[in-house]
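So the structure is just underneath, and the comments pick up after that.
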Amino acid sequence: MEKKNLLKRITAQVDPVLEMAEINDRVVKAGGPAILFENPRGSKIPCVVNLFGSYERMRLALEVESLDEIGGKMLEFLEPEIPTNFIEKLKALPKLKRLADFIPKYVKNGPCKEVIIKENPSLDIFPILKTWPLDGGRFITLPLVFTKDPETGSRNCGMYRMQVYDGQTTGMHWHVHKDAARHYRKAETKGEKLEVAVVLGADPATMYSATAPLPENVDEMLFAGFLREAPVELVKCETVDLEVPANAEIVLEGHCLPEERRVEGPFGDHTGYYSLEDMYPVFHLTCITMRKNPVYPATIVGKPPMEDCYIAKATERIFLPLIRKQLPEIVDINLPLEGVFHNLAIVSIDKRYPGHARKIMYALWGLGQMSFVKMIVVVDKWVNVQDISEVLWRLGNNVDPKRDVVILEGPLDVLEHASDRPAYGGKMGIDATKKTPADGFTRRWPPDIEMAEEIKEQVTRRWKEYGF
């Protein structure tokens, strides 16, 4: 990033309590660089924020010219190929070999083991941020949280905020829908603690993978290997039976005890509102391992656009081809920054039959994390869903609310605050497509206003002649 002038170093002393957040908020909203606070107040460890806070940095992090490239590569590997003869079987071997190359590799040591603190480990050495005035305290905001299913042993790596209560304990903000929450419930049913390892800082593809909406039991470290085109090297933890990326900056080892809950929150969240306090499991720290000169990473969320918006847009582009694989009539999807991921989706389709727009709404509400989307707007294939102005124009002109609006109920994101019940409430679908006789529309549908092509070409040729 520094070589590309995408990093700003701040040598002045800056307070992790609110001051860093205000600096970050101004910089990210101005389209500015990542920031390395070299002299955080109260800590000797530098803090970096806004790592992923632009489309350019997201592309740099994932080493692609376009984020759409990744989805195409994923389809290439997931596309079922049934060889019909010996030659075709041989052609399929390189693909299988490349898949094997992405499987995590276990190593005996790594940079994250340069310093090991087992005696009285404390979170107080880190510049952990308090980002908004009404926050319940300081929060670890960019953690890669590793757990294993107590029954199957399958690994999960997710990103869940952690409110710091003191030097040895934090909250663990596991939403009911998340894989790690499922692991914890299984351990709790058995009356067992759940071992946890928290990685703070890794290579960017691995960090992104913790946020990706992968299907249940798909290993995020395998996905990271796919993104990196090289296996993630994993090393055994010191006090828990888990493996973590060997190149990590900082690793927090510990566990969550069954039946233990503590008030977590409020927290100024990515919705632009505070998520209110609630009861969540408690993480107990048992060991810290880290590099000799680590960098503490953090992300700051709030009213969009913020850094997490660019991570979400990367997810939109990466996973669109997989959605299209199941719903090939979809042309494009836009999850607008203002929709904070789960409030609004705009979808363009190649409309083919009556009720097609509704079929797409219902199908998307049945797909993984798309099930949390509160509002879906469906437009025709010729509408640019990335152009909000055009979408709103079509929405205002093409919709009869009595006919084109669908209201139903279903699961919502836990951070949804407008519904009467937590994580459950109303959903709205809007069919903003052109209506035809097949839809039961009996009036004439007016054509769009368009200038004749020959006149446009004529004016283009004479543009300088007009004096412009």
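Laboratory data are not the source of any read-out in this text; all were calculated from the coordinates shown. The structure presented is a predicted model; accordingly, all values stated were derived computationally and were not measured. When we count neighbours, we look across all protein chains shown, and the Cβ atoms used for this are built from the backbone with ideal geometry, even at glycine.
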Candidate aspartates and glutamates for bridging to residue 73, where Cα separation is under 17 Å - those fewer than 8 sequence places away on the same chain excluded: 63, 65, 81, 101, 220, 229, 316
Hz values of 3J(HN,Hα) by residue in segment 268-278 - Karplus curve (6.51, -1.76, 1.60), Gly and Pro given as x: x, 9, 5, 6, x, 10, 6, 7, 7, 5, 7
Additional length obtainable on full extension of the chain from residue 400 to residue 462, 0.36 nm per residue less Cα span: 18.1 nm
Listed residues 60, 235, 271: farthest to the positive end of the dipole of the chain (Cβ charges): 60
Sorted by Cβ density within 10 Å, fewest first, the residues 365, 174: 365, 174
Cα-based Rg and Dmax for segment 327-439, where Dmax is the largest Cα-Cα distance (Å): 13.5, 41
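Which values, in whole Å and largest first, are the semi-axes of the equivalent ellipsoid of the chain obtained as the square root of 5 times each eigenvalue of the Cα gyration tensor? Provide the component values of the computation, followed by the final result.
Values: eigenvalues 341, 141, 127 Å².
Square roots of five times the eigenvalues give 41, 27, 25 Å.
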Separation in nanometres of the label points that stand 7 Å from Cα toward Cβ, at residue 352 and residue 168: 6.3
Phi to ³J(HN,Hα) by Karplus 6.51 cos²θ - 1.76 cosθ + 1.60 over segment 352-367, Hz, x for Gly, Pro: 10, 7, x, x, 4, 4, 5, 4, 5, 4, 5, 5, 5, 5, x, 10
Dipole magnitude of the chain, debye to nearest 20 (Cβ charges: Lys/Arg +1, Asp/Glu -1, about Cα centre): 640
For residue 274, residues with placed amide H under 5 Å, excluding near neighbours: 269
Shape category assigned to segment 315-392 from the gyration tensor of Cα positions, a/c cut at 1.5: rounded
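For segment 119-274, compute the orientation-averaged projected area of the C-alpha convex hull (one quarter of its surface), in nm².
That works out to 9.5 nm².
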Simple label model, 7 Å out from Cα along Cβ direction - residue 44 to residue 30, nm: 3.3
Backbone HN-Hα couplings from phi across segment 189-200 [Karplus 6.51/-1.76/1.60, Hz, Gly and Pro as x]: 4, 7, x, 10, 6, 10, 6, 9, 10, 10, 9, 10
Alpha carbon convex hull of segment 417-468, volume per residue in cubic angstrom: 225
